[in-house]
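First the structure, then my questions, so here it is.
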Amino acid sequence: MNTIIISVISVTVIGIICAIALSAASKLMYVKVDERIANLQESLPGVNCGACGYPGCAGYAAALLSGECKKTNLCTPGGPDVVLKISAILGVTAEALEQKAAVVHCNGDFNAQQKKMNYFGIQSCAAAKQLFGGESSCAFGCLSYGDCQIACPSNAICMTSGLARVTPGLCTGCSLCVKACPNNLIIMMDSRVPIIIACKNIEKGAVTRKKCSSGCIACGKCVRECPQTAITLENNLAVINYDKCNGCGNCIKTCATRCITSPLIRI
């Protein structure tokens, strides 16, 4: 009986000592957490898309609070409301939202591209890419299986005649489609951009023409017709300097292959 009582007392004493030690340790090792971090994370949409340049919403919130990032307008999916909430929490002036939208740099639909084989594997761009770069002769174009469409949470992308097309008004700029495209054809751009080069083929014009009738053939007509000298040829591909471009549309009219277009009409 005495043995049982001694055992109970011993365990009780050990428990009390451990409780005191843990209590002391919690006070000595306590790290004060800024309550604003929770408020910032709650204000962000939780999409964790990385459009802000940080690893998820928690990463962006931490960067804002630490001072690593001072821009409160990087959350494109959240919209202006999120910018206002973040600015209020941090006690800073709200900045204008950097509105961006996805742009597909390809105009080669089924009518334009030439096939090099018939693909019967997994109906996925990522899978088709692994088999000789896909069934299209152009290794730079849209693979046509809609991985970007599946990844888009706002239904802003649809596949039309084997080509991904973005509805700018529905795009929230989350950039999930950018990560989903194995050919890196989708780029987040300022939603006000008036003109794009819908091609990324850097092969010589004669080679490009054989593979896709809508590809850039580096003929130079757009360069010559641009009154703002905003277009140059780099690696057999037309490139627009948006600091000079005023959206006059001369290049769209003169492009022989229709690879220069407006993202606003590609719906």
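The values are calculated or read from the model by the stated rules, or taken from the named source; none is laboratory data. All values reported here derive from a predicted model rather than from experimental measurement. Note: ideal-geometry Cβ built from the backbone for every residue, glycine included; neighbour counts use all protein chains shown. SASA here: full protein model, heavy atoms, side chains in, ligands and nucleic acids out. Shrake-Rupley method; radii C 1.70, N 1.55, O 1.52, S 1.80 Å.
For segment 59-108, enumerate the residues that are basic (K, R), surrounded by fewer than 18 Cβ atoms within 10 Å (Cβ to Cβ) and under 20 Å from S191 (Cβ atoms).
The answer is K71, and nothing else.
Please verify whether segment 33-41 includes one or more residues that are open to solvent by 70 Å² or more (accessible area, probe 1.4 Å) and modelled with pLDDT of 85 or more.
So far as segment 33-41 goes, yes, one or more of its residues are open to solvent by 70 Å² or more (accessible area, probe 1.4 Å) and modelled with pLDDT of 85 or more.
Say whether the condition of being open to solvent by less than 80 Å² (accessible area, probe 1.4 Å) and in a loop (DSSP other than H, G, I, E, B) is met by at least one residue in segment 1-8.
Scanning segment 1-8 turns up no residue that is open to solvent by less than 80 Å² (accessible area, probe 1.4 Å) and in a loop (DSSP other than H, G, I, E, B).
Checking D243 against (1) under 26 Å from the mean Cα position of the chain (by Cα); (2) open to solvent by less than 20 Å² (accessible area, probe 1.4 Å), which test does it fail?
Of the numbered conditions (1) under 26 Å from the mean Cα position of the chain (by Cα); (2) open to solvent by less than 20 Å² (accessible area, probe 1.4 Å), the odd one out for D243 is (2).
Being part of a helix (DSSP H, G or I), under 21 Å from the mean Cα position of the chain (by Cα) and not polar (S, T, N, Q) is the filter here, so list the residues in segment 107-151 that pass it.
C125, A126, A127, K129, D147, C148, I150, A151
Filter segment 247-267 down to residues that are in a loop (DSSP other than H, G, I, E, B) and either without any contact (Cβ under 8 Å) to a residue 24 or more places away in the chain or buried (at least 17 other Cβ atoms within 10 Å of the Cβ) (or both), then give me how many there are.
Total meeting the criteria: 5.
Which one is most open to solvent (accessible area, probe 1.4 Å) among residues in segment 123-158 that are of a type in the set (F, W, Y) and closer than 15 Å to V104 by Cα?
The residue in question is F140.
When segment 68-106 is examined, which residues are found to be in a helix (DSSP H, G or I) and either of a type in the set (A, V, I, L, M) or touching a residue at least 60 places away in the same chain (Cβ under 8 Å) (or both)?
G79, V82, V83, L84, I86, A88, I89, L90, listed by residue number.
Restrict the check to segment 109-122 and report whether at least one residue is open to solvent by less than 20 Å² (accessible area, probe 1.4 Å), in contact with a Leu (Cβ under 9 Å, 6 or more places away or on another chain) and either among the aliphatic types (A, V, I, L, M) or under 30 Å from N73 (Cα atoms) (or both).
Yes, segment 109-122 contains at least one residue that is open to solvent by less than 20 Å² (accessible area, probe 1.4 Å), in contact with a Leu (Cβ under 9 Å, 6 or more places away or on another chain) and either among the aliphatic types (A, V, I, L, M) or under 30 Å from N73 (Cα atoms) (or both).
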